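Quick notes on the structure that follows.
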Protein chains: 2
Amino acid sequence: MPSPAALDATFQALADPTRRAILARLAQGEASVMELAEPFAMSQPGISKHLKVLEKAGLISRGRDAQRRPCKLEAGPLAEATGWLIEYRKFWETQFDRLDDLLDELKRLEAMTGKNN
Amino acid sequence: MPSPAALDATFQALADPTRRAILARLAQGEASVMELAEPFAMSQPGISKHLKVLEKAGLISRGRDAQRRPCKLEAGPLAEATGWLIEYRKFWETQFDRLDDLLDELKRLEAMTGKNN
C-alpha cells in the first residue's frame, strides 16, 4: 500500500493537462527538457517547474548525463494510483456500460502478457 | 473522452486523504454530512468544504431531502480517471510484477460480470 502522502503527490501531479501531456510524451520514450518544451510551446523554465512536480511524485526520473539529463517515465506511482481507483470498480458495474470497454482493453492486455488460463 | 478540465478536477479532488476517505465511506452507502463528519473527528464545516470539492468534480451528488441532503458516490469520474491511467499499463508490464495482482483482481471482475469467453 502506498502512503497517503504518496497518493496525494501522485494525484496532485496528475491534476494538470501539461503534466499529463508530458507523461504521455515520455510513454513513447525518454526525452530531454528541450525536447519536451518544443511541442508545448512552453519555456524551458516553465517545463522544468512541471518536471519538478512529476519528479517529486516519483512519476519521472532524470538521467545522469549532465548535458541532457533525459526524463524517463516511472510506472510505480501510476500503478499505485490505478490500484486505488480499481477498488471502486463495483460502482462502474452498476452505473456504467463503460466497463465493457475496459474489459475489452484488459482482455487485450491478458493476451499480450500470455496470462490466459 | 473526458475534457482536460474534468480530469484536472477529478485528480485534484483525489489528492487529499480526507476526500479519499469520504469516497471510501460513501462506497458503502449514502451518508449525511453529520454521519460523514463523525469518524473523521472533523467539524461539519470542515467536511462540507471537502464535499464541495468532490461535488464540483462530479464525484458525489447530494440528495433532495432538505434535512439530510445525503451524499452519494458517483462512479463516472472515477471510471474516466481509471481510463486515463490504464493507458499506461504497458509500463507496468515491463517494470512491475504488481501487474499479476491487478490481473487476478480483473479476472475476479470478469467472473463476477459473467464476461468470460
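Values as computed for the structure displayed
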quantity: Residue that is surrounded by the fewest Cβ atoms within 10 Å (Cβ to Cβ) [pool: residues in segment A:55-77 that are part of a strand (DSSP E or B) and not charged (D, E, K, R)]; calculated: A:Ser61
quantity: Of all residues in segment B:1-24 being more than 9 Å from chain A (Cβ to nearest Cβ) and surrounded by 17 or more Cβ atoms within 10 Å (Cβ to Cβ), the one that is nearest to B:His50 (Cα to Cα); calculated: B:Arg19
quantity: Residue within segment A:88-110 that is polar (S, T, N, Q), loosely packed, with under 13 Cβ neighbours inside 10 Å, modelled with pLDDT of 65 or more and farther than 20 Å from A:Ala5 by Cα present; calculated: no
quantity: Candidates B:Ala15, B:Ala5, B:Ala9 - the one that is farther than 20 Å from A:Leu59 by Cα, among the small types (Gly, Ala, Ser) and out of contact with any strand residue (DSSP E or B) (no Cβ under 6 Å at 6 or more places or on another chain); calculated: B:Ala5
quantity: Selection from segment A:1-24 of residues that are touching a residue at least 40 places away in the same chain (Cβ under 8 Å) and farther than 21 Å from B:Ala9 by Cα; calculated: A:Pro2
quantity: Scan of segment A:1-54 for residues that are more than 15 Å from the chain's Cα centre (by Cα), within 18 Å of A:Pro77 (Cβ to Cβ) and part of a helix (DSSP H, G or I), ordered by number; calculated: A:Pro4, A:Ala5
quantity: Restricting segment B:25-54 to residues that are closer than 21 Å to A:Phe11 by Cα and in contact (Cβ under 8 Å) with a residue 40 or more places away in the chain, the residue that is surrounded by the fewest Cβ atoms within 10 Å (Cβ to Cβ); calculated: B:Ala27
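The values are calculated or read from the model by the stated rules, or taken from the named source; none is laboratory data. All figures in this text were calculated on a predicted structure; none of them were measured in a lab. Cβ: placed from backbone, ideal geometry, glycine included. Neighbour counts: every protein chain shown.
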